[in-house]
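The values are calculated or read from the model by the stated rules, or taken from the named source; none is laboratory data. The structure presented is a predicted model; accordingly, all values stated were derived computationally and were not measured. Here Cβ is always computed from backbone atoms with ideal geometry, including for glycine, and neighbour counts include all displayed protein chains. Just so you know, the surface numbers come from the protein's heavy atoms only, side chains and all, with ligands and any DNA or RNA stripped out. Shrake-Rupley method; radii C 1.70, N 1.55, O 1.52, S 1.80 Å.
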Amino acid sequence: MAVPQYAILRFAKYKGPEISGIEAHNERTKEKYASNPDIDPTRTHLNFHLIKPERKYRAGSEHQIAEAGCRTRSDSVRVVEALITATPEFFKGKKRAEIREFFNEALEFIKQNQAPETIISAVVHLDEKSPHMHLCFVPLTEDKRLCAKEILGNKKKLTEWQDKYWEHMVKKYPDLERGESASETGRDHVPTRVFKQMARLNKQHDKLFEMLADVTLFNFKDKSAQVVAFLEKYIPDVAAMETQMKKYEKFFKTADGKQKALEKKNADLSAALEKSEQQSTLKKLQEARLLNDYERVKGILDRIPPEIIKAYTHRSTQKHDINR
């Protein structure tokens, strides 16, 4: 079963003396890091900057704040740090150049949402368990006010940051999921990409259906070999869809219960309904159909002759042993 790969973006705000501490960690200026056993000093030389700091973090922030003519208090947020990464599964098998490309794309996202000149440093760490980037910027607004609250906002604004980050990254990395937050466990929609994933599976299902229909006693050996080869793509794709369906299981329990009522409402759609209501109803119908499509693409596996399943299992086991 495919393991979900999540895009991760987190923010932290710093006001004063602690800025030197995060700089020491990010820039690896300490000789030892007893507080962080995940750091492997033998790999620190692999770390790289996308933006190198011109000054110390605190000095750099104070310089920008002074140039902007901002007043500060002792509790003013002077530096915002963005931790940018993805779950470890995403980076498996990726070369250093591919990892650099990923973080360059993430840097472009930040630059589109925060003035590039406010960025103090962007450094990628490869000497810990999973590649990640520490990006620090001075929270200056477009009209040159020092206001981290306006930039990061409340929980709703932070959720918007997460949405925009995922929407930006998924264009280039379609396997990435949007990271879940505690406030989203009851999400009320299924992303478009899941429908696209199911559309591809439906086409594969129809192809598999045709292949099985062509299997006869006389051509069993040749045709079964073709089916086995096809299953090597189909079964992992069904498993990946199963992961998606489980992720939205709570939503589907509600959607399934309302399916009949929605179908009736769809039949009665007329000009009397507002366009937005029509779109909402049709969207819910699509989501309800997703369940039926999933059962369909999974159910065909029960129709495959046991001999073919046995051949597929044997072939998969052999490949696994070779790759070990």
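Please state the shape class of region 20-92: rounded when a/c is under 1.5, otherwise prolate if a/b exceeds b/c and oblate if not, all from the C-alpha gyration tensor. Can you show the working numbers first?
Details: a/c = 2.27, a/b = 1.91, b/c = 1.19.
Cα axes put region 20-92 in the prolate bin.
Towards the positive end of the charge dipole of region 78-173, with charges on Cβ (+1 Lys, Arg; -1 Asp, Glu), say which of T159, F109, T141 has the farthest Cα.
T159
What is the dipole size for region 68-221, taken about its Cα centre, with +1 at each Lys and Arg Cβ and -1 at each Asp and Glu Cβ, in debye to the nearest 20? If you can, show how the numbers build up before the last one.
Values: 27 positive and 24 negative charges, 28 e Å.
Dipole magnitude for region 68-221 comes out near 140 debye.
Over region 16-172, with the other protein chains present, what is the accessible area per residue in square angstrom, probe 1.4 angstrom? Don't jump to the answer; show the numbers that get you there.
Values: 8490 Å² over 157 residues.
That works out to 54 Å² for each residue.
Compute, for region 1-156, the length of the dipole vector about the Cα centre, with Cβ point charges of +1 (Lys, Arg) and -1 (Asp, Glu) only. Units Debye, rounded to 20. Provide the component values of the computation, followed by the final result.
Working: 26 positive and 22 negative charges, 55 e Å.
Roughly 260 debye for region 1-156.
What does the C-alpha gyration tensor say about the overall shape of region 115-175? Classify as rounded when a/c is under 1.5, otherwise prolate if a/b is larger than b/c, or oblate.
Details: a/c = 2.10, a/b = 1.31, b/c = 1.60.
Verdict is oblate for region 115-175.
Work from the charge dipole of region 67-119 (Cβ charges, +1 for Lys and Arg, -1 for Asp and Glu, about the Cα centre) and give the residue of V79, T118, A68 farthest towards its positive end.
V79
On the full set of protein chains, 1.4 Å probe, figure out the accessible area of D143 and give it in Å² to the nearest 10.
About 90 Å², ignoring ligands and nucleic acids.
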